[in-house]
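Read the structure below first, then the notes.
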Amino acid sequence: MAAKGTPTTAEETWALRRPERRLLLSALMIALLGYLMLLGARPKDGFAVQLADWAPLLVFAAAFGAVHGAFVIARFRGDQLVLPTTALLSAFGLLAQVRMGLFGETEPDWMELVLLPVALAALVLVALAGRAGRYAMARRATWFWAGLSLLILGVLLVTGQRFRGAVYAVGFITPTELLKLTLVLFTAGFIDQHLKALSRWRSLLPPLRRLWPLLLVWGLVTALLLMQRDLGLVLILGVALLVMLVAGTGQPGYAIYGLALAAGAGAALISLFSHGQRRLAVWLDPFADPTGAGWQVLQGLSGMFAGGLWGEGFSEARPRYAPIAESDFIYSVLAEELGYVGSLLLIAVFAVLFIRLLTLAARARTPFGLMVTIGITSVLAVQTLLNLGGVTKALPLTGITLPMISHGGSSLVTVFASLGLVLAISDGEPVKPRAKATAVKKTKTSSSKAPAGGKRRAPSSRAKAGTGRKA
Amino acid sequence: MDLLNALFSSAPWGPVRIGLHLTFGIVLLYWLWLAYQLRQAVHLRHLKRPRAWLLPAAGLVVLAFIAILAYQATWQLGGTARPRFVAFMQSHDRRQFNPAHWIQRGRILDRHGRVLAESRNRDGAAERVYPYGPVFAHAVGYADPRFGLSGIEATANLALNGSMLDSLDDWGELGRQVLTQSKRPRGQDRVTTFDASLQRFAVDALSAAPGGGSGAVLLLRPADGAVLVMASVPSFDPNRLQADLFNARDPATPLLNRATQGQYPPGSTFKVVMAAQALERGFSGRLDCPANGYTTSRHYPPIRDHEYYSAQDAGGSWAGHGPLDLATALAKSSNVFFAQLGVLGGHSALAAIGERLLFNRSIAFAGGASKALSFQTGRLPSIPKRDRYGLAQASIGQGRVTATPAHLALIAAAIANDGLAMRPRLLRDAEPQALAQLMSSETARRLRVMLRRAVRDGTGRGIDTDGLEIAGKTGTAENPHGASHSWFVGFAPASSPSLAFAVLVEHGGYGSAVAAPLARDLLVKAAEQGLL
């Protein structure tokens, strides 16, 4: 292994990022195997396989390859596990979406094809722009994020169109997806700026005098989201807020107050929204109206049962039985075709991603980095759990997509930009001249020529790293 | 591309695809292993040491995933344990390869192994066939994707679908089916306590009975509660279920299981209940039973004995019974005696014996955790304290008191079994289970003697058969809908009873003329099989 802290040349980074490359290549291999199975089923749908049918896989491989290349050239030293895990999850998404015919039946749909490269470009841009501690600039723009969040909601409220019970902007873009990033940034920034005050509780009461701007913005956002009946998003963001407050301030009291408030508000909302009541009723007894309200979830479960332990593989004609299977119910398609074993492995990959993200949060160098990372992690984790729970009937349906796997452009770009930010935070902090001066015990590797610079934490780690090839 | 297309449509593509599927899973596993192996290599030395909450937080996420996967398994792998889910898939899932279409439900057999229900394959789907048709329609029930489950098909559904896992072998079989994705899941057979030939005999006899041919028969073994016959006529054919059957308000109510749910005035059969009450109270002595009857007030018509009306019809007159003791009154089925007896005992004694004999309940058959198969007991509403005439009426089984054939059979069985009622059971493998001690064994012993006398010298003497030693009580229950219902309730042989029964013929007329001979014929048939 080369110098682990600060790679100085692209060559070093190439060696340093070998684990990422190996995992990426394995993920590609998995995508290829699945893709072959997929193409094998095409004749049963009545289409012969053409050269153009390979386009989605090639774009997929090229896009992730390019991200890795960009990281190497830029001598990026951030985390190496997030990208391959994301690639593997995206491979599942690719397979499921090709299976559902989203990339065009006979000719490739270019709009769909560019979605992944665009989202990955956002990931690279954010990761590289924010590395070496520069992400902290986002902290100063706290009120910009709050304004942007409210603006998105306001515009959507005026111009939005209603479809299947939710509000979309023009062209089925769902700009509310962006809130999952902007609100996390606002909240992390605000808490970070008032960290001391917010951590200091007087007996059992939170410092409301410092907390009220945060509560005001959140109240507004919640109200606007409820006007659009987006209960699922309220839930996701609410959990993220509580997690960030608790992790940032170290005050578990926020969670206790928050959960009590959420329980009360949840009960009130359920009694107010007939929409929510219906979903609750379907969850409790889908067989009460099997061909109406319960149809979707029961068809999904029927597919899973038909798939059994091993699944049928992508062998038969395309499953078309569960409505809107390509977005909310994509997991049931995967569980049907890859079987229980396949869904188990898929969930294991999700678990790897979340554990890694949690690790990065737990090891972040600044409270702001910690809160942003844990905020993004909890948004993704809650979204995943709500979707999986809804499809398997473990939880009521919330109409939420499965991150990285469900079809959805706005969601994909937001998720990838968020992961880019996490990667930027995992890059660590810039070298401070003072810190450099105290770390006198120079080793051969610690060349002062390092342009991006990088502060290493302990001399001991540097000593271990000093056996690198630069010697 | 042509090469690929040729490969995809060629015969070896099948195994190749399975190979790909397998490799896909293996490489995924390899990826996870690799990610684990590389955890040192991707260690980020320039970051801080992890904060303390990392482990609990990660544990929480993993736990949540495990919980979802576990719940998913109950649908994806154990879906057959959910009857409504299986029914949904059978009627609404168009996936040809869904195993729900192919489940070979276990057979339902009678005690001799005769098939009462089995699954056959027709046109690519499993079809349920009932060889006995309407004969077992209520008892065995039906399993239909459109109309759901009933009867034993409902209570034993889990086992029939192969998801009753009460032994290691059953788990092994489920595991084998899940692992191999068996396209023909096979359920377990269930053996009932029914006797198909006796049941068919009972149904035929009921259909041929006077008064329109409707009624019910319940025949069971007092010692262990095994039900041999549970017949209800009119019936329907579970092989040909139609929506009209469930929608139409057919006045004949073929869906109603008259044996378990039909509430009828018990008429004179209720005198058995009153006799039990009197014996438990320690009543002994005689009551005067004059020809002009008994009433509680001159505003109400007197309750008289049937001999009075017979004599009147014949244009003669009748002198009355005079003073009667309990045994004679029961044998002669004297209304005047029992009306007085009931009023003598009072309201609370009637309510007490109603409670003791399990009136106003719903009782599940043994062995089924599900409540889908149960029977109602009679209704004995509380009579207002000032209504003494109502009390007198109830004491002869008229007025507002009702009973179901299953309930009266249960009471007869308890008398036959020293007062202890065994919970009726329909499945051979259900453990015999005590239900309740309905009366003291001394009361039961004396009732056995009295009921034997009622057949030997009393109202039932027309059916007394050598060797059978039948004991029982006739009933002729007046009702507002037409001719009287004909009842016969009892057991045989009286000295050591092995069978108890209740026979009801709707609007059949006199109990001694219709229900009693039917019961006798059934017992003769049972004796031929060595059941007596």
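Just so you know, all these numbers are worked out from the coordinates, no wet-lab data involved. No experiment lies behind these values; they were computed from the predicted model shown. When we count neighbours, we look across all protein chains shown, and the Cβ atoms used for this are built from the backbone with ideal geometry, even at glycine.
Annotations
- Relative contact order computed over chain B (Cα-Cα under 8 Å; 6+ residues apart), in percent: 14
- Per-pair calculated FRET efficiency, R0 = 35 Å: B:LEU168 and B:PHE147 via Cβ, rounded to 0.05: 0.50
- Taking amide H as placed 1.01 Å from N in the peptide plane, B:GLY106 has its amide H under 5 Å from the amide H of B:ASN161, B:GLY162, B:GLY187, B:GLN188, each at least 5 places away in sequence or on another chain.
- Region B:64-91 versus region A:118-145: alpha-carbon centroid distance in Å: 44
- Per-residue Cβ neighbour counts within 10 Å put A:GLU20, A:GLU337, B:GLU280 in the sequence B:GLU280, A:GLU20, A:GLU337, beginning with the fewest.
- Per-residue Cβ neighbour rank within 10 angstrom, fewest leading, A:VAL243, B:VAL505: A:VAL243, B:VAL505
- Violating pairs (Cα-Cα greater than 24 angstrom) within the set A:LYS196/B:LYS48; B:LYS332/B:LYS385; A:LYS180/B:LYS48: B:LYS332/B:LYS385; A:LYS180/B:LYS48
- Working note: Karplus 6.51/-1.76/1.60 with θ = phi - 60° gives region A:294-310 the couplings x, 3, 4, 5, 6, 5, x, 5, 4, x, 4, 4, 5, x, x, 6, 9 Hz, where Gly and Pro are set to x.
- The spacing between region A:285-316 and region A:361-380, judged by their C-alpha centroids, is 37 Å.
- Cα centroid separation - region B:235-291 against region B:191-227, whole Å: 15
- 0 to 90° range, to nearest 10: angle between helix B:270-281 axis and chain B longest Cα axis: 80
- Cα long-axis angle, helix B:196-208 against chain B (0 to 90 degrees, to the nearest 10): 50
- Sites B:ARG114 and A:THR159, calculated FRET efficiency, Cβ-Cβ separation with R0 51 Å, nearest 0.05: 0.10
- Column: log10 I(q)/I(0), Debye, Cα scatterers of the protein assembly as shown, q = 0.04, 0.05, 0.09 Å⁻¹: -0.34, -0.49, -0.96
- Remark: region A:349-359, residue by residue, has Karplus-estimated 3J(HN,Hα) of 5, 4, 4, 4, 4, 5, 5, 5, 4, 5, 4 Hz, where x stands for each Gly or Pro and the curve is 6.51 cos²θ - 1.76 cosθ + 1.60 at θ = phi - 60°.
- The amide H of B:ALA421, built 1.01 Å from its N in the peptide plane, has B:LEU435, B:ALA436, B:GLN437, B:LEU438 as neighbours under 5 Å, considering only residues 5 or more places off or on other chains.
- In Hz, Karplus ³J(HN,Hα) per residue of region B:18-24 (6.51, -1.76, 1.60; θ = phi - 60°; x = Gly, Pro): 4, x, 4, 4, 5, 4, 3
- Helix-only arithmetic for chain B: the sum of -39500 (n - 2.57) across DSSP H runs with n ≥ 4, divided by the residue total, places the mean residue ellipticity at 222 nm at -11500 deg cm²/dmol.
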